[in-house]
1. Within the range 24-93, list the trypsin sites (Lys or Arg not before Pro) lying in a DSSP loop whose Cβ has at most 14 other Cβ atoms in a 10 Å radius.
2. Give me the percent of Cα-Cα pairs in the range 1-67 that sit more than 20 Å apart, rounded to a whole number.
3. Obtain the nm distance between the two label points defined at H369 and W23 by a simple spin-label model: each point lies 7 Å from its Cα along the Cα-to-C-beta direction.
4. Run down the lysines and flag those whose C-alpha is under 26 Å from the C-alpha of K189, throwing out any fewer than 8 positions away in its chain.
5. Enter the Cα centre distance for the pair the range 247-324 and the range 404-479, rounded to the nearest angstrom.
6. I'd like to know how the chain sits against the 2.2 N^0.38 Å rule of thumb: what's its Cα Rg over that expected value?
7. Tilt of helix 175-185 relative to the longest C-alpha principal axis of the chain, in degrees (0 to 90, nearest 10)?
8. Give the angle, between 0 and 90 degrees and rounded to the nearest 10, that separates the Cα long axis of helix 270-282 from the longest principal axis of the Cα atoms of the chain.
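Derivation of every value follows stated rules applied to the coordinates shown; laboratory data play no part. Source: prediction; values computed, not measured. Cβ placement follows ideal geometry from the backbone for every residue including glycine, while neighbour counts extend to all protein chains displayed.
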Amino acid sequence: MQARRSAQWYSGDVRNSYIHRAWMRRGLPADAFDGRPHIAIANTASDLTPCNAHLNEVARSVADGIHRAGGIPLNLPVVSLGETQVRPTAMLWRNMAAMAIEEMLRANPIDAVVLLGGCDKTIPALLMGAASVDLPAVVVPGGPMLTGTFRGVPLGCGTDVWKLSEEVRAGTLSAAEFQRSEGSMIRSKGHCNTMGTASTMGLLAEVLGMTLPGIAGTPAPDSRLLEAAHATGELAVELADTGRRPSTVLSRGSFLNAIVALAALGGSTNAVVHLLAIAGRLGVPLAQDDFDRTGAGVPLLVDLQPAGRFLMDDLYRAGGLHAVLAEVRDLLDPAALTVTGRPLVEHLGTPLVYDREVIRPREAPLQPHAGIAVLRGNLAPGGAVIKPAAASPHLLRHRGPAVVFDSIEDVHARLDDPDLDVTADSVLILRGCGPKGYPGMPEVSNMPLPAKLLAQGVRDMVRICDGRMSGTAYGTVVLHVTPEAAAGGPLGKVRTGDMIILDVENRRLDVDIPDIELAIRDPAPEMVKAFAAPARGWERLYVDTVGQADTGADCDFLLGSSGDQVSRESH
Ligand code: FES
């Protein structure tokens with residue numbers, strides 16, 4: 001076994017190793033510095049990230065496991081992001097959180113790290129940071145909450161907020177009943193229970209090979225999560241001994257496996273930007289088109305909201321992630337490794353499926369072709385994405401006049417104006433919501449429908465935006481339009497009344513005006529304004545350096561890895 005990384009701080013009898021040891025002695029065992037591995041528990045628990053608030057309890061089980069295996073557990077609170085709380089959008093801070101995590105892992109005397117995350121951006125940020133420092137690492141996904149019910153019917157976090165609020169606007173649900181549902185929405189600790197971004201990224205962390213096999217999707221209140229957290233602590237000690245790092249585990253095959261799983265699970269479109277960003281930290285070649293090439297032919301097997309009916313608790317009860325992966329085993333890269341040192345497919349075994357309504361067999365899928373479709377055309381030369389499984393089939397081929405909004409505030413101000421010239425055939429366009437324009441690429445793309453159309457019974461329309469959509473949302477929504485309007489993309493030149501053509505089967509997104517006319521059109525003045533950089537702080541750095549959605553919306557100076565070495569002493 002190689003000398004431990006932590007020994008660079010602690011070994012020897014010189015003044016500096018004295019200093020590093022002496023201040024750490026408080027309560028550690030006498031042999032703590034005699035070669036035992038020091039394992040950080042990078043913990044995103046925070047009262048302001050309610051989905052992760054239980055992670056301190058999980059951390060205690062991880063620490064017990066580390067102790068049991070002979071390691072020294074060290075709690076390391078890291079930047080946390082509460083999706084429902086943080087303004088203007090948690091995505092603005094994902095790269096900052098990843099940078100802070102990376103730097104603190106590198107700066108401290110640790111040999112491996114256990115990453116505790118849950119809420120949407122936390123697992124991506126942890127994986128991005130861990131990939132760039134490339135220390136041995138393993139994830140414990142915090143797990144989904146239990147299913148709440150309202151009026152005897154299960155409530156899907158997020159998805160039912162959108163649905164119920166549209167019912168209020170349509171006049172079919174009273175405001176008082178809507179308020180009453182609020183107390184039933186969040187039943188327990190854990191993250192959102194739909195197949196939203198948190199569920200998707202927790203499951204994909206396992207498909208990537210970065211968790212103890214079998215842990216992902218375990219509900220947060222389930223005692224089996226703590227048992228698995230304990231086992232993960234023991235595994236982290238083994239990782240420190242073997243030196244198995246993210247760069248050892250994560251290959252192109254791991255990411256393609258994640259794309260297959262994303263399709264079969266009906267996972268969140270946000271996984272596209274997160275997986276691209278993680279791959280970018282490792283230098284693994286992965287492109288937006290890989291999502292279409294690899295995922296488009298994969299059947300949708302899981303009947304979970306927002307694409308279907310059930311919730312994460314049901315998926316776990318029905319057999320969980322391994323039961324889904326076993327159905328598409330032949331599509332998975334057999335060589336893609338996990339943190340155990342063995343390939344993912346070797347861990348699948350022959351899982352039983354206990355509810356075929358929730359997990360469908362390959363020969364009777366929910367939809368034969370799922371995944372993410374990547375569209376191109378004169379409206380999105382760099383690409384745009386749509387999740388056909390969450391869209392209305394009759395709108396996947398559509399031609400309609402644009403109704404353009406220059407900000408989400410513009411949507412709120414004008415959408416319900418009875419004089420707004422809009423019909424069910426109109427295409428709602430929202431721009432200025434990309435990484436640079438908002439800034440931070442918020443989840444506003446699933447803009448609400450005009451109240452007068454809701455009252456007529458319309459429940460979906462084609463919507464196009466350069467922002468993102470909550471993984472819990474649904475509808476015929478074209479997202480991540482690249483380049484974004486505020487960075488000079490053609491979306492910024494569209495005018496209300498232009499005819500928009502969406503053709504998902506042929507992967508096209510166009511505005512029906514001659515290219516020459518589009519080229520000489522000026523962008524809307526609001527888009528030029530949106531690109532004015534903020535004066536200072538992270539927002540300034542972010543706007544100056546963030547890339548577009550098609551490459552993961554990471555900051556250019558954070559791409560790649562700097563390794564785990566620090567050459568200079570602190571004293
Ligand atoms: Fe945290 Fe949905 S708000 S996972």
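1. Values: sites: R25, R26, R60, R68; in loops: R25, R26.
Of the trypsin sites (Lys or Arg not before Pro), the ones in loops of the range 24-93 whose Cβ has at most 14 other Cβ atoms within 10 Å are R25, R26.
2. On the way: 984 of 2211 pairs.
The proportion of pairs with Cα distances above 20 Å equals 45 percent.
3. Each label point lies 7 Å from its Cα, and together they span 6.0 nm.
4. K121, K163
5. 26
6. Numbers: Rg = 23.9 Å, N = 571, 2.2 N^0.38 = 24.5 Å.
Expressed relative to 2.2 N^0.38 Å, the Cα Rg reads 0.97.
7. 20
8. Approximately 40 degrees, to the nearest 10.
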